[in-house]
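The values are calculated or read from the model by the stated rules, or taken from the named source; none is laboratory data. The shown structure was predicted, so the numbers you read here are calculated from the model rather than taken from an experiment. Here the Cβ positions follow ideal geometry from the backbone for every residue, glycine too, while neighbour counts run over all protein chains shown.
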Amino acid sequence: MADLSTPATAAPLTGLRRAVSVPTVRPRRLRRSGPIRDLVAETLLLPQHLIYPLFVADHLVEARPVPSMPGVQQLPVWMLEEVVTEVVTLGVRSFLLFGVLGDDTPKDPHGHRAADGEGPVANALRLLRARFGAEVVLIADTCLCGYTDHGHCGPVAEGTGEILNDDALAHLAAAAVAQAQAGADFVAPSDMMDGRTRALREALDDANLSHVGVIPYSVKYASSFYGPFRDAAHSAPQFGDRRTYQMDVRNTREAVRELRLDIEEGADALIIKPGLPCLDIIARARQSTDLPVIAYSVSGEYSMVEAAAANGWLDAPAVHREMALSLRRAGADALITYAAPLLARQSRALLGLG
Ligand code: PBG
């Protein structure tokens with residue numbers, strides 16, 4: 001154990017033209033031991049801050065690992081109870097649900113199946129709500145890209161290939177209502193169509209679902225970090241990219257504008273993604289709104305760490321923790337992360353909860 005009572009002694013100096021002045025202000029005093037560092041730590045990471053994404057794939061008979069995301073699996077509905085029970089035992093109580101359709105389930109240009117009351121997400125929501133009641137927070141990702149045959153987040157105009165904003169809204173709203181009816185606490189539109197927060201809020205209210213909240217992906221950059229997710233959710237665009245609806249990585253003021261619009265349109269909390277590339281935006285959002293800010297540490301961030309760790313180049317648990325703490329430090333209230341179970345185990349061990 002370090003002996004904190006021994007004062008440090010300076011070695012005699014030679015060869016310098018003048019004596020080095022001795023500091024009187026010493027920030028290192030607050031770093032001398034683990035308990036001192038804990039005493040003055042400014043940022044806390046607890047299991048309750050974490051949201052764990054689940055890929056629900058009803059067509060599967062057993063879990064299927066996602067090759068580009070080590071440790072992440074597509075899950076059939078019947079396995080959810082077991083997985084969620086394990087994660088809840090670690091203190092993580094919030095889940096973000098994505099639906100995955102099997103190859104033989106037809107997709108269509110409008111993504112009608114996103115609003116299927118018998119689809120994977122609706123089935124999962126009903127089961128988890130029945131089994132866990134108000135013990136868990138269930139957030140449904142609301143988007144069309146996993147359900148459209150072209151993989152875009154809205155219908156595509158014939159000829160021009162434009163992604164049709166206003167046509168998407170009705171389909172997104174129908175999906176949100178189906179998810180809310182199946183038991184979602186929150187719907188999280190990730191499409192980046194203009195006006196979707198208001199469209200979803202109004203649709204939910206009209207369907208007597210005013211207790212269900214809307215948590216839009218308010219700032220969502222057209223990021224290359226989503227690659228592994230598109231393997232997991234079978235949602236890659238079949239042509240072009242998402243840059244006419246997701247945000248330009250070069251912009252900050254645009255992010256502030258998107259946040260403001262979502263607040264005006266009735267958002268209950270705001271998601272910012274990707275995570276680590278957006279620390280500036282998270283800090284900015286924290287200053288400009290009192291709504292909860294949620295950072296999404298996306299698939300590419302997770303996979304980068306796992307891939308480096310598989311090569312022996314990084315210590316994955318330590319890096320995942322540092323990333324999560326950095327997002328919290330920047331101002332995020334909650335984090336969506338594939339490392340949630342790992343982070344929860346670490347936090348419990350640090351708190352002596354075993
Ligand atoms: C669907 C959606 C995406 C992600 C969340 N919802 C993919 C995309 O926009 O292409 C990315 C999540 C991740 O990378 O972990 N629109």
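In the stretch 242-262, the condition of being among the charged types (D, E, K, R), surrounded by 16 or more Cβ atoms within 10 Å (Cβ to Cβ) and more than 11 Å from the ligand (Cβ to nearest atom) is met by at least one residue. Within the stretch 39-74, the residues that satisfy the criterion of being free of Cβ contacts under 8 Å to residues at least 24 places away in the same chain, out of contact with any strand residue (DSSP E or B) (no Cβ under 6 Å at 6 or more places or on another chain) and farther than 19 Å from HIS320 by Cα are LEU39, VAL40, VAL61, GLU62.
Among residues belonging to the stretch 266-303 that are within 13 Å of the ligand (Cβ to nearest atom) and of a type in the set (D, E, K, R), point out the one that is farthest from PRO67 (Cα to Cα). Filtering the stretch 266-303 for residues that are within 13 Å of the ligand (Cβ to nearest atom) and of a type in the set (D, E, K, R), the one farthest from PRO67 (Cα to Cα) comes out as LYS273. HIS152 passes every criterion in (1) more than 24 Å from the chain's Cα centre (by Cα); (2) buried (at least 16 other Cβ atoms within 10 Å of the Cβ); (3) over 22 Å from LEU204 (Cβ atoms) apart from (1). A single entry from GLY91, GLY102 fulfils the requirement of being more than 15 Å from the ligand (Cβ to nearest atom) and over 21 Å from the mean Cα position of the chain (by Cα): GLY102. Residue count for the stretch 188-224, restricted to those that are basic (Lys, Arg) and in contact with a Lys or Arg (Cβ under 7 Å, 6 or more places away or on another chain): 1.
So that you can scan it fast, the table gives a plain yes or no per residue for (1) within 16 Å of ARG131 (Cβ to Cβ); (2) touching a residue at least 24 places away in the same chain (Cβ under 8 Å); (3) in contact with a Phe, Trp or Tyr (Cβ under 6 Å, 6 or more places away or on another chain):
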residue: PRO76; (1), (2), (3): yes, no, no
residue: LEU80; (1), (2), (3): yes, yes, no
residue: VAL88; (1), (2), (3): yes, yes, no
residue: GLY91; (1), (2), (3): no, yes, no
residue: LEU97; (1), (2), (3): yes, yes, no
residue: GLY102; (1), (2), (3): no, yes, no
residue: ASP108; (1), (2), (3): no, yes, no
residue: ARG113; (1), (2), (3): no, yes, yes
residue: GLY117; (1), (2), (3): no, yes, no
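Within the stretch 145-174, the set of residues being more than 12 Å from the ligand (Cβ to nearest atom), assigned to a helix (DSSP H, G or I) and not polar (S, T, N, Q) comprises ASP166, ASP167, LEU169, ALA170, HIS171, ALA173, ALA174. Quick check, is GLU322 modelled with pLDDT of 95 or more, of a type in the set (Asp, Glu), closer than 19 Å to ILE51 by Cα and surrounded by fewer than 16 Cβ atoms within 10 Å (Cβ to Cβ)? Yes: the conditions hold for GLU322.
Among the residues of the stretch 33-73, just one is of a type in the set (S, T, N, Q) and in a strand (DSSP E or B), namely GLN73. For the stretch 211-225, filtered to residues that are in contact (Cβ under 8 Å) with a residue 40 or more places away in the chain and away from the ligand (no atom under 12 Å from the Cβ), the residue that is nearest to GLY275 (Cα to Cα) is VAL219. Residues in the stretch 329-343 that are crowded, with 20+ Cβ neighbours inside 10 Å, assigned to a helix (DSSP H, G or I) and out of contact with any Phe, Trp or Tyr (no Cβ under 9 Å at 6 or more places or on another chain): ALA330, LEU343. Inclusion of ASN208 among residues that are of a type in the set (S, T, N, Q), surrounded by fewer than 24 Cβ atoms within 10 Å (Cβ to Cβ) and either in contact (Cβ under 8 Å) with a residue 60 or more places away in the chain or under 19 Å from PRO237 (Cβ atoms) (or both) is not warranted.
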